[in-house]
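Asker: Sharing a structure here in structure tokens format.
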């Protein structure tokens, strides 16, 4: 394992993301990647770093709190490296037909998203050549996808845009390797997606609105209109929360006011959606 190194203000950070449980952060930068644990709130301390020879990491994803790291370099944007960071060993390097836009991992799969296709690999057999491919997906230039935990006793759901013109969400079962349902979530294009822990709910956002939707029956559980509708970037991350004060519950037949002071969620994980207004 390499010694962790601090990222100073002069470092060009290329990528930042939480792990699946939001207990750690992986940072990709010009100088490689760095892992941070979020065990304390007082100080963010790096716990591990990449090899000194590794440069320009534009995507870096960690499998929960394990030693498996998936990364992409700027100089090889079509190649995915699967790396064991404790052993400093590249497990495998896989090449794809076009630029890799995003990578997601769960207990079952590694998902690689290109602009017009999605590749699904078995995390338990990384050298297996039997990769499932979802072809001819709608143009997805930002590589927008979401993946739930995918524990052995739970479903493993992948979500991706079902249209490039409206906010349709396609749900795909990565265990069964088949499309499940299509959710008409928004009238405008999708900007962000995130599942809860078990894949029962999905948070969707456009630049105008966000919803939390039950996957099983497409029911909208709760929603909120964004404050800005022009020039917005939207980011989604898993966020543990028990109460949502003043939440209004949206049913398929209309708007229902919640009479309780807060809505008690069935699961502790829900999705936090934030708007970063870039300009008018």
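The values are calculated or read from the model by the stated rules, or taken from the named source; none is laboratory data. As the structure is a computational prediction, the values presented were derived from the model and not from experiment. Cβ coordinates were reconstructed from backbone atoms using ideal geometry, including for glycine residues, and neighbour counts include every protein chain displayed.
Asker: Inside the range 1-28, can you point out the residues that are surrounded by fewer than 21 Cβ atoms within 10 Å (Cβ to Cβ), modelled with pLDDT of 65 or more and not in a loop (DSSP other than H, G, I, E, B)?
Answerer: Correct list: 13, 14, 15, 16, 17, 18, 24, 25.
Asker: Confirm whether residue 137 is under 20 Å from residue 197 (Cα atoms), over 16 Å from the mean Cα position of the chain (by Cα) and either at pLDDT 95 or above or not in a strand (DSSP E or B) (or both). Explain how you work it out, then say what you get.
Answerer: Values: under 20 Å from residue 197 (Cα atoms): no; over 16 Å from the mean Cα position of the chain (by Cα): yes; either at pLDDT 95 or above or not in a strand (DSSP E or B) (or both): yes.
Criteria not met by residue 137.
Asker: Next question. Test of understanding: among 92, 99, which residue is out of contact with any helix residue (DSSP H, G or I) (no Cβ under 9 Å at 6 or more places or on another chain), at pLDDT 95 or above, under 25 Å from residue 19 (Cβ atoms) and surrounded by fewer than 19 Cβ atoms within 10 Å (Cβ to Cβ)?
Answerer: Working: 92 fails: at pLDDT 95 or above.
Matching residue, one of 92, 99: 99.
Asker: Taking residue 75, is it exposed (fewer than 15 other Cβ atoms within 10 Å of the Cβ) and under 21 Å from residue 142 (Cα atoms)? It would help to see each step written out before you state the result.
Answerer: Values: exposed (fewer than 15 other Cβ atoms within 10 Å of the Cβ): yes; under 21 Å from residue 142 (Cα atoms): yes.
Answer is yes for this residue.
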